[in-house]
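Q: Below is a structure I'd like to ask you about.
The values are calculated or read from the model by the stated rules, or taken from the named source; none is laboratory data. Bear in mind that the values here come from a model prediction, so they are computed numbers and not experimental data. The accessibility values were calculated without ligands, DNA or RNA, using every heavy atom of the protein model including side chains. Shrake-Rupley method; radii C 1.70, N 1.55, O 1.52, S 1.80 Å.
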Amino acid sequence: MAKINYNFEKRAREIEKEKKKEEKRKKKEALNNNEIVEEISISTDKKHEE
């Protein structure tokens, strides 16, 4: 019977964790960018009202 390659399984889990972490970081970055854009548009709207 063949031996189980635990290192392969461990590496696969690590890669999956890295992917999830990267997706979470990108989502967070996108949210921050949207907030900045909204703040800028709000401040420009206030300038146009004056």
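Q: Name, by its number, the condition in (1) among the β-branched types (V, I, T); (2) assigned to a helix (DSSP H, G or I); (3) at pLDDT 85 or above that does not hold for I4.
A: (2)
Q: Taking the stated definitions as given, is K47 open to solvent by 100 Å² or more (accessible area, probe 1.4 Å), at pLDDT below 90 and either among the polar types (S, T, N, Q) or assigned to a helix (DSSP H, G or I) (or both)?
A: So K47 fits the description; yes.
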